Amino acid sequence: MADQHSRPRWHYSPRQTWMNDPNGLIYNAGTWHMFYQSNPAGTGWGNMSWGHATSPDLVTWTEHPVALLHTDTEEIFSGSCVFDATNSSGLGTTDWPPLVAVYTSNYLAGSSRPSVQAQSLAYSLDGGTHWTSYPGNPVLDRGSANFRDPKVFRHGDGWVMVAVEAAERQVLIYRSTDLIEWTYASSFGPAHAAAGVWECPDLFELPVAGEGTSKWVLLVNLCPGGVAGGSGCQYFVGDFDGYTFTPDAVRGVSTDPELGAADPLLRAYDWLDFGRDCYAVVSFADAPEGRRIVLGWMNNWDYAREIPLTGGRSIMTIPREVDLVRVGDRLRLRQRPIAELPESALERLTLGDGDRVLIRGVALEYRAGVLSLDRRGVGQGDFHEGFGTRQWAEIPDRPATVAVDVLLDTCSIEVFAASGLVVISDLVFF
């Protein structure tokens, strides 16, 4: 991993190991927990396990020993955590209700389910420090090689799971009363960007700013087929009745992997981030005061395995608070850096038409209603042809000027424009 001098100041990064998808994000007993895909044995992908870090404020993180460790026959793929306050699972007690991790078991050769991905449980009775594997694992097995990434949340008097059949570009919804027995409810997809596999779904309710109403948002990460090329995260706004997600609108399906970011259909869809480096985005469970906070892996599978070990192979995005804003005839996701981030961490700019500024070699330009971020002139971009690129996004209503907040770290830049309606996130190497 990076030397001390190049470690991020504001973004979480493990000290010595590979990291990808955030997993099991949850706020519990005054502590923010971040679990994540980790290779405990090296700086490349493999030996998938759950790393663990905690924070009192979402800014200062403490790295802990591996929480869920792979075995010779099972890797621990992505998933989520819930606090089973009523002990519906029976894995704790009334006095000591458990934290329950719901994750994908990726079964290897030598197991009883080689090449199968199924959903399993582990539980903790000490606030997430020690974990016990549920002896009846897996709890949900479709016999599929690509059934993964369960996100579980409480809904009414039961639990809801959203997971993916990745290669079929489908989000599957299941219900349970106890986290152990699951019943199929419905499926969604393919829709919108579907050239690559679908991964890491999330489903949550958000307020609509200024309207006193709410809608549901379905996040779907995909790879490849993102709007900037490679991996990315799209979202759908709609309604959820506990069993079925119904989007407000579907604007066609983009399925041509050869077109990639050049596909004009992609610009008609809703994207959480228009940069190259924001993937596997999911939200924290049980955030206080009704907040919804999302976090992603700041990387792109086009080149993630090749990024030089001089900073930035494994970092997360800054946590972002989200809500919905009505723009014309549709609702858009608005993202803002968490309030806990010091004001001094952000550089605030106002760009007029034709303005172009250099931020430590990164070119930020606003022209004809389009904001672009160009990292082609910033060092160490020659290790992969997909890294030295320019990202862009149209600002809603194409105003004459646009307000921009820039978060610059040792190996990354995140740009929040138009009050967070447009976000562009990129790794950079200074």
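Here is a yes/no grid of residues against (1) acidic (Asp, Glu); (2) closer than 30 Å to Leu99 by Cβ:
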residue: Gly230; (1), (2): no, no
residue: Cys233; (1), (2): no, yes
residue: Phe236; (1), (2): no, yes
residue: Ala249; (1), (2): no, no
residue: Ala262; (1), (2): no, no
residue: Trp271; (1), (2): no, no
residue: Arg276; (1), (2): no, no
residue: Val281; (1), (2): no, yes
residue: Glu289; (1), (2): yes, yes
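Within the range 385-394, how many residues are within 14 Å of Asp426 (Cα to Cα) and not in a loop (DSSP other than H, G, I, E, B)?
Looking only at that region, the number is 4.
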Residue pairs meeting the criteria (Cβ under 8 Å; at least 6 apart or on separate chains; first within 26 Å of Ala400 (Cβ to Cβ), in the range 340-356; second among the polar types (S, T, N, Q)): Thr350/Thr401; Leu351/Thr401; Gly352/Thr401; Asp353/Thr401
Residue among Gly189, Gly212, Gly226, Gly196 that alone is among the small types (Gly, Ala, Ser), within 16 Å of the chain's Cα centre (by Cα) and in the same structural domain as Tyr36 (by TED's automatic domain parsing): Gly226
Thr17 being at pLDDT below 95, under 20 Å from the mean Cα position of the chain (by Cα) and in the same structural domain as Asn106 (by TED's automatic domain parsing): yes
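Quick one: how many residues across the range 344-379 are of a type in the set (D, E, K, R) and at pLDDT below 95?
Looking only at that region, the number is 3.
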Selected residue (only one of Asp397, Asp382 is surrounded by fewer than 14 Cβ atoms within 10 Å (Cβ to Cβ), assigned to a loop (DSSP other than H, G, I, E, B), of a type in the set (Asp, Glu) and modelled with pLDDT of 95 or more): Asp397
Positions within the range 111-128 being under 23 Å from the mean Cα position of the chain (by Cα) and either within 20 Å of Glu165 (Cα to Cα) or not in a loop (DSSP other than H, G, I, E, B) (or both), in sequence order: Gln117, Ala118, Gln119, Ser120, Leu121, Ala122, Tyr123
Residue among Leu341, Leu333, Leu349, Leu358 that alone is farther than 30 Å from His52 by Cα and surrounded by 16 or more Cβ atoms within 10 Å (Cβ to Cβ): Leu349
Residue in the range 401-421 that is assigned to a loop (DSSP other than H, G, I, E, B), crowded, with 18+ Cβ neighbours inside 10 Å and touching a Ser or Thr at 6+ places or on another chain (Cβ under 7 Å) present: yes
Boolean, Val357 is among the β-branched types (Val, Ile, Thr), more than 25 Å from the chain's Cα centre (by Cα) and in a loop (DSSP other than H, G, I, E, B): no
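For the structure I just gave you, tell me whether Leu219 is of a type outside the set (Asp, Glu), modelled with pLDDT of 95 or more and closer than 17 Å to Leu272 by Cβ.
Details: of a type outside the set (Asp, Glu): yes; modelled with pLDDT of 95 or more: yes; closer than 17 Å to Leu272 by Cβ: yes.
Yes; evaluated as a whole, the condition is true for this residue.
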Neighbours by Cβ (under 6 Å, 6+ apart or cross-chain): first from the range 279-292, under 24 Å from Arg313 (Cβ atoms); second basic (Lys, Arg) and loosely packed, with under 15 Cβ neighbours inside 10 Å: none
Selection count, the range 261-292, where residues are in contact with a Leu (Cβ under 8 Å, 6 or more places away or on another chain) and closer than 20 Å to Glu63 by Cβ: 2
The range 330-346: number of residues that are assigned to a helix (DSSP H, G or I) and either in contact with a Phe, Trp or Tyr (Cβ under 8 Å, 6 or more places away or on another chain) or not small (Gly, Ala, Ser) (or both): 2
Sole exception among (1) of a type in the set (D, E, K, R); (2) under 22 Å from Ile338 (Cβ atoms); (3) in contact with a Gly (Cβ under 6 Å, 6 or more places away or on another chain) for Asp405, by number: (3)
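The values are calculated or read from the model by the stated rules, or taken from the named source; none is laboratory data. These figures come from a predicted structure and were not determined experimentally. Note that we place each Cβ from the backbone using ideal geometry, even for glycine, and neighbour counts take in every protein chain shown.
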